[in-house]
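Heads up: the structure comes next, in structure tokens.
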Amino acid sequence: MIESLKLYNLLLVACGGALGGIGRLAMTNLFSYLLGIRFPWGTLIVNLTGAFIAGWLAAWIGIPMHIDFSSYWLAFIVGLLGGYTTVSSFSLQTLTLWQSGEPWRAVIYLSATLQLGLIVVAIGWWIGGLMA
């Protein structure tokens, strides 16, 4: 029973991560096409929408206070949003902007991601709280 529950949890995370990764690729490509590649708009939009959804879901379904995560938490927060949002791309794109002689774009990107990320996760939390 415990082994099948562990496998079920792994499958929830894997399926969510696969869907999140596909969503990230689609969104990044769409916004790179629409807005150009001189600034990493796609990754910024992905991370901001992911932060909003994380805040909303955390307020709506709750944050687990122990290691026994719910199926919703594993599928949506760990899997889907873990595959959708990306710190590695954000970090690499910031470094690339800096090293390519555009430090002001790097600072704007860094600031926008961090500040707007906190704002949208709080808005998502607020909306999720209204719905709970």
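Show me the helices (runs of 4 or more DSSP H) entirely contained within the range 86-132 in which 1 or more residues are polar (S, T, N, Q). Helices (runs of 4 or more DSSP H) meeting the threshold: 87-99, 103-111.
Going through (1) over 17 Å from the mean Cα position of the chain (by Cα); (2) hydrophobic (A, V, I, L, M, F, W, C); (3) within 25 Å of Trp126 (Cα to Cα); (4) surrounded by fewer than 14 Cβ atoms within 10 Å (Cβ to Cβ) one by one, Leu11 falls short only on (3).
Filtered by the rule that a residue be surrounded by fewer than 23 Cβ atoms within 10 Å (Cβ to Cβ), modelled with pLDDT of 95 or more and among the hydrophobic types (A, V, I, L, M, F, W, C), the range 37-50 gives Phe39, Trp41, Leu44, Ile45, Leu48. When Met65 is tested against the conditions (1) under 30 Å from Ser100 (Cα atoms); (2) without any contact (Cβ under 8 Å) to a residue 24 or more places away in the chain, the lone failure is (1). Those residues that are of a type in the set (Phe, Trp, Tyr) and either touching a strand residue (DSSP E or B) at 6+ places or on another chain (Cβ under 9 Å) or surrounded by fewer than 15 Cβ atoms within 10 Å (Cβ to Cβ) (or both), I need them from the range 24-36; list them, please. Hit for the range 24-36 is Tyr33, nothing else. Being at pLDDT 95 or above, out of contact with any strand residue (DSSP E or B) (no Cβ under 8 Å at 6 or more places or on another chain) and closer than 27 Å to Leu57 by Cβ holds for only one residue in Tyr72, Tyr84, and it is Tyr84. Once the range 14-43 is narrowed to residues that are aromatic (Phe, Trp, Tyr) and part of a helix (DSSP H, G or I), the residue that is nearest to the chain's Cα centre (by Cα) is Trp41.
Please state which one of Gly36, Gly82, Gly62 is under 30 Å from Ser4 (Cα atoms), out of contact with any Gly (no Cβ under 9 Å at 6 or more places or on another chain) and of a type outside the set (A, V, I, L, M). I'd like the intermediate steps shown before the answer.
Values: Gly36 fails: under 30 Å from Ser4 (Cα atoms); Gly82 fails: out of contact with any Gly (no Cβ under 9 Å at 6 or more places or on another chain).
Exactly one of Gly36, Gly82, Gly62 is under 30 Å from Ser4 (Cα atoms), out of contact with any Gly (no Cβ under 9 Å at 6 or more places or on another chain) and of a type outside the set (A, V, I, L, M), namely Gly62.
Does Val46 fit the bill of being part of a helix (DSSP H, G or I), β-branched (Val, Ile, Thr) and either farther than 29 Å from Trp104 by Cα or more than 13 Å from the chain's Cα centre (by Cα) (or both)? Spelling it out, it is not the case that Val46 is part of a helix (DSSP H, G or I), β-branched (Val, Ile, Thr) and either farther than 29 Å from Trp104 by Cα or more than 13 Å from the chain's Cα centre (by Cα) (or both).
The values are calculated or read from the model by the stated rules, or taken from the named source; none is laboratory data. Just so it is clear, the structure is predicted and the values come from calculations on it, not from any experiment. Heads up, the Cβs are rebuilt from the backbone with ideal geometry, glycines too, and the neighbour counts pull from every protein chain shown.
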